[in-house]
Amino acid sequence: MAYKNKTYVCFDGDSDMREYRLMCAWAANENASFKFHNAHDLNTARDDSLPESIKAQLRLRLDNTKLMLVLIGEKTKSLRKFIPWELEQAAARNIPLIGINLNGARQKDSLCPAGLANTLAVFVSFKQKIIEHAIDDWPGEHELYRSQQKSSDYRYVDAVYANLGIA
């Protein structure tokens with residue numbers, strides 16, 4: 001059995017690469033408290049590979065994943081190739097999900113992909129401090145809600161954002 005200490009980032013590689021790379025830069029900054037062990041560092045899944053070959057690489061990442069961050073951009077909802085599959089795999093593995101709205105929304109909105117909209121997840125805006133808070137807080141909350149058989153979307157109240165210095 002794999003040691004699950006990785007964070008899997010699910011995103012639209014064509015449209016949301018900038019935000020993904022920014023999160024990686026936050027994590028690489030030795031002066032920042034924002035950290036995560038990126039599951040993407042385990043292997044390479046190339047776009048020119050066959051879909052089953054890519055899925056095999058993604059499965060290896062998911063087998064080592066303790067938490068999934070889903071970057072929700074303008075096109076994420078309409079993608080049909082890998083994102084729905086990744087979300088199905090996360091649900092099957094009971095991986096806690098954090099939906100990160102690139103448009104700044106603090107809760108689930110109309111851009112949310114179907115596979116994330118109908119499962120236990122928390123939604124936050126694309127701000128370093130609230131993402132860091134969710135990475136630290138949500139896995140425990142997810143386990144609690146799951147043990148109570150709750151399955152809904154959650155959000156942090158405005159006071160949590162204010163306490164983190166986010167207006």
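The values are calculated or read from the model by the stated rules, or taken from the named source; none is laboratory data. Everything numeric in this text was worked out from a predicted model, so none of it was measured. Cβ coordinates were reconstructed from backbone atoms using ideal geometry, including for glycine residues, and neighbour counts include every protein chain displayed.
Name, by its number, the condition in (1) surrounded by 20 or more Cβ atoms within 10 Å (Cβ to Cβ); (2) within 10 Å of CYS10 (Cα to Cα) that does not hold for PHE82. Condition not satisfied by PHE82: (1). Among the residues of the stretch 142-167, write down those that are in contact (Cβ under 8 Å) with a residue 40 or more places away in the chain, within 23 Å of LEU111 (Cβ to Cβ) and either in a helix (DSSP H, G or I) or out of contact with any helix residue (DSSP H, G or I) (no Cβ under 8 Å at 6 or more places or on another chain) (or both). HIS142, ARG155, ASP158, TYR161 - these are the residues of the stretch 142-167 that are in contact (Cβ under 8 Å) with a residue 40 or more places away in the chain, within 23 Å of LEU111 (Cβ to Cβ) and either in a helix (DSSP H, G or I) or out of contact with any helix residue (DSSP H, G or I) (no Cβ under 8 Å at 6 or more places or on another chain) (or both).
Somewhere in the stretch 94-103, is a residue over 15 Å from VAL9 (Cα atoms) and either surrounded by fewer than 18 Cβ atoms within 10 Å (Cβ to Cβ) or of a type in the set (A, V, I, L, M, F, W, C) (or both)? Yes. Checking the stretch 6-19 against the condition returns no match, with no residue being at pLDDT below 95 and in contact with a Cys (Cβ under 7 Å, 6 or more places away or on another chain). Could you list, in sequence order, all residues of the stretch 69-115 that are of a type in the set (Gly, Ala, Ser), in contact (Cβ under 8 Å) with a residue 40 or more places away in the chain and either touching a strand residue (DSSP E or B) at 6+ places or on another chain (Cβ under 7 Å) or more than 13 Å from GLU19 (Cβ to Cβ) (or both)? Once the filter is applied, which keeps residues that are of a type in the set (Gly, Ala, Ser), in contact (Cβ under 8 Å) with a residue 40 or more places away in the chain and either touching a strand residue (DSSP E or B) at 6+ places or on another chain (Cβ under 7 Å) or more than 13 Å from GLU19 (Cβ to Cβ) (or both), the stretch 69-115 yields ALA90, GLY99.
Applying the criterion of being part of a loop (DSSP other than H, G, I, E, B) and not aliphatic (A, V, I, L, M) to the residues of the stretch 118-141, the residue that is farthest from the chain's Cα centre (by Cα) is ASN118.
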